[in-house]
Amino acid sequence: MDQPPTAPPVFVGIDVSKDRLDVHLRPSGQAFAVARDGPGLDQLLARLRAEPPALVVLEATGGFELTVAAAIAGAGLPLAVVNPRQIRDFARATGRLAKTDRLDAAAIALFAERVRPQPRPVPDAAAQALAELVA
């Protein structure tokens, strides 16, 4: 009997800024933005749980990423927080020189899909404590 076709893995890039999160999903190209606050994180997690990703990547951005990373890790989703220089170098190498939050999210998602950095799990007790703090 034939196997039903499996959906391709979903890779998520998140550009974190002071007030909002720009999110891009590959390979579908879906993009959306949410506020970087409790309700926004709830929206983000609801969307990611609906289509569980193979990997979520965000840049280390001087602390703004901490609550986002805690929420994603606390939800048990595979997460990699990456040095922004790696993403900039990757974007430059692929000819993506424009710089907007939306384009950055797309570049991060492409980086996630092509480079596939290792997810770094937060230890369970720490993830739970961080998720509770975020909530």
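Every read-out reported here was derived from the displayed coordinates using simple, explicitly stated rules and does not represent laboratory data. Values in this document were obtained by computation on a predicted structure and should not be read as measured data. In this analysis, Cβ positions are derived from the backbone assuming ideal geometry, glycine residues included, and neighbour counts consider all displayed protein chains.
Can you check how the C-alpha radius of gyration of the chain compares to 2.2 N^0.38 Å, as a plain ratio?
Values: Rg = 14.6 Å, N = 135, 2.2 N^0.38 = 14.2 Å.
With N residues counted in the chain, Rg over 2.2 N^0.38 Å equals 1.03.
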Per-residue ³J(HN,Hα) for the range 110-119, Karplus 6.51 cos²θ - 1.76 cosθ + 1.60, θ = phi - 60°, Hz, x for Gly and Pro:
5, 4, 4, 5, 7, 8, 6, x, 5, x
List the residues whose amide H sits under 5 Å from the amide H of Ser17, counting only those 5 or more places along or on another chain, with H placed 1.01 Å from N in the peptide plane.
Asp22
In whole percent, what relative contact order does the chain give with Cα contacts below 8 Å and a gap of six or more residues?
30 percent
With θ set to phi - 60° and the Karplus curve 6.51 cos²θ - 1.76 cosθ + 1.60, what are the ³J(HN,Hα) couplings of the range 12-17 in order, to the nearest whole Hz, using x for Gly and Pro?
10, x, 10, 9, 9, 10
Cα→Cβ-extended label distance, 7 Å offset, between Leu66 and Arg102, nm:
3.1 nm
For Asp37, project a label point 7 Å along Cα to C-beta. Then give me every residue of the range 9-24 with its amide nitrogen under 17 Å of that point.
17-22
For a quick check, take a GNM of the chain with Cα springs below 10 Å and name the residue from Gly13, Gly95, Gly40 with the largest mean-square fluctuation.
Gly95
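Could you estimate the translational diffusion coefficient of the range 61-108 from the Stokes-Einstein equation, with Rh from the Kirkwood formula over C-alpha pairs, at 4 °C and 1.567 mPa s, in whole µm²/s? Present the calculation step by step, with values, prior to reporting the outcome.
Working: Rh = 12.0 Å.
Translational D for this selection: 108 µm²/s.
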Taking θ = phi - 60°, what integer Hz values does the Karplus form 6.51 cos²θ - 1.76 cosθ + 1.60 yield along the range 35-49, in sequence order, with x for Gly and Pro?
5, 8, 8, x, x, x, 5, 4, 4, 4, 5, 4, 5, 5, 5
